[in-house]
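The next block holds one structure in the form of structure tokens; read it before the comments.
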Amino acid sequence: MVRSGENGGSLPFYGRVSSIAIDPIEKKPLFHYRPGQVILSVGFVGCNLRCPFCQNWQISQTTDAAFSVVSPEELVAKAGELGMKQIAYTYSEPLVHAEYLINCMTLARSRGIANVLVTNGCVNEDAAAEIITLADAANIDLKCFSPYNYKNILGGSLPAVKDFIKAAAANIHTEVTTLIVPDFNDSAGEIDSCIDFIASVSNEIPWHISAYHPAYKLKSPPTNAETVLDIKRRAGQKLLYCYTGNIWNDENNTVCLNCGSVLIRRNGYAVKTPGLAQKSENDGKYCCRQCGTALPVRY
Ligand code: SF4
């Protein structure tokens, strides 16, 4: 159980926010949750992992980064003023600020604002369960499938991440992201293990396959686009919705699995939903406008 005091009590980093921005929801990335909408994104300092390729290392690997103190009330009020329908807890690792998150998420939910977690999923089972009850959607990193590398290179735990993904997928809208890092997680065996695991949870989970670019301690050349596209093709045999990240191409549309119509067209962060229709008024379910085949997308 996470202790959620009114104002963080004596927690030294409670409410220390490193950045607040309005992002396209696709940037989280979430492709099947409120596509085309924007989201108020709040980030913090610190992380419980030490990925050598961290793209946000200036805030994740230090506690000295610049910050403003923002109370949960102020954050949620800001979201309301800006007309935001959702808040993302993101950029570094939000779950290391679980007490603050719980207070923000409780308040946001009471005002009809959805909560989105963008997380590495390395958290114990009890805390995960509590946070998930307050969340509406999550994007969770699956960084590799080697327990040894998770522990010794990243400082995390593969079993904890797998449990988090399973718990999230059972309760809230869930998408998974894997950054493809050459010579770290790109062997065919490891990629197939990632694919098989996600498929075993649900083949409807969108999987974001992203290209690594040199950052923080890792200086090796970026992942080439063809590798990412190859993995996407392989994953497509077992997962229904696979997308690429950090490479620009025209393959990030969501198409109807039955008739091939483009349901959601993505050009960078510009999103249109030409083929998407609501199944029936207010039932919250969506389908292909052409043939009526269901699409697991949530608004
Ligand atoms: S989990 Fe994310 S924020 Fe933390 S070190 Fe790894 S890449 Fe950086």
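Values in this text are rule-based calculations from the coordinates and carry no lab data. Note that the structure is predicted; figures quoted are calculated from it, not measured. In this analysis, Cβ positions are derived from the backbone assuming ideal geometry, glycine residues included, and neighbour counts consider all displayed protein chains.
Assorted remarks:
- When segment 16-251 is reduced to its Cα atoms, the Kirkwood hydrodynamic radius in Å: 18.0 Å
- Placing unit charges on each Cβ (+1 for Lys and Arg, -1 for Asp and Glu) gives the chain a dipole about its Cα centre, and among Gly80, Pro147, Asn258 the Cα reaching farthest toward its positive end belongs to Asn258.
- Sparse packing (at most 16 other Cβ atoms within 10 Å of the Cβ) combined with a DSSP loop state is found for the following chymotrypsin sites (Phe, Trp or Tyr not before Pro) in segment 203-246: Tyr216.
- Choice from Thr227, Thr177, Thr106 showing the highest fluctuation, given a GNM over the chain with Cα pairs closer than 10 Å: Thr227
- If both residues of a DSSP beta bridge must be in segment 16-251, then about 30% of such bridges are antiparallel.
- Structure-based [θ]222 nm, the chain - -39500 (n - 2.57) summed over DSSP H runs of at least 4, per residue, nearest 500: -7500 deg cm²/dmol
- Cβ crowding within 10 Å ranks Leu134, Leu158 as Leu134, Leu158, fewest other Cβ atoms first.
- Mean Cβ count within 10 Å, highest first, over the residues of peptides 113-126, 278-291: 113-126, 278-291
- Alpha-carbon centroids, segment 37-113 and segment 246-286: separation in whole Å: 28 Å
- Estimated dipole of the chain in Debye, rounded to 20 [Cβ of Lys and Arg +1, of Asp and Glu -1, Cα centre]: 500 debye
- Computed over the alpha-carbon atoms, segment 47-99 gives an Rg to Rh ratio of 1.03, Rh here being the Kirkwood radius from the mean inverse distance.
- Fewest-first ordering of Met84, Met105 by other beta carbons within 10 Å of each residue's beta carbon gives Met84, Met105.
- Alpha-carbon Rg/Rh ratio, for segment 219-274, with Rh computed the Kirkwood way: 1.02
- Residue with peak Gaussian network fluctuation, the chain [Cα springs, cutoff 10 Å], from Ala235, Ala127, Ala135: Ala127
- DSSP beta bridges in segment 16-143 [antiparallel fraction, %, rounded to 5]: 45 percent
- Among Lys28, Lys143, Lys219: highest mean-square fluctuation, GNM of the chain, C-alpha pairs under 10 Å: Lys219
- Computed from the Cβ-Cβ distance with R0 of 30 Å, the FRET efficiency linking Thr293 to Ser200 stands at 0.80.
- Residues Leu82, Leu107, Leu142, arranged from fewest to most other Cβ atoms within 10 angstrom of their Cβ, appear as Leu82, Leu107, Leu142.
- Under the simplified labelling scheme, the Ala129-Glu190 pair shows an inter-label distance of 3.3 nm, with each label point 7 Å from Cα along Cα→Cβ.
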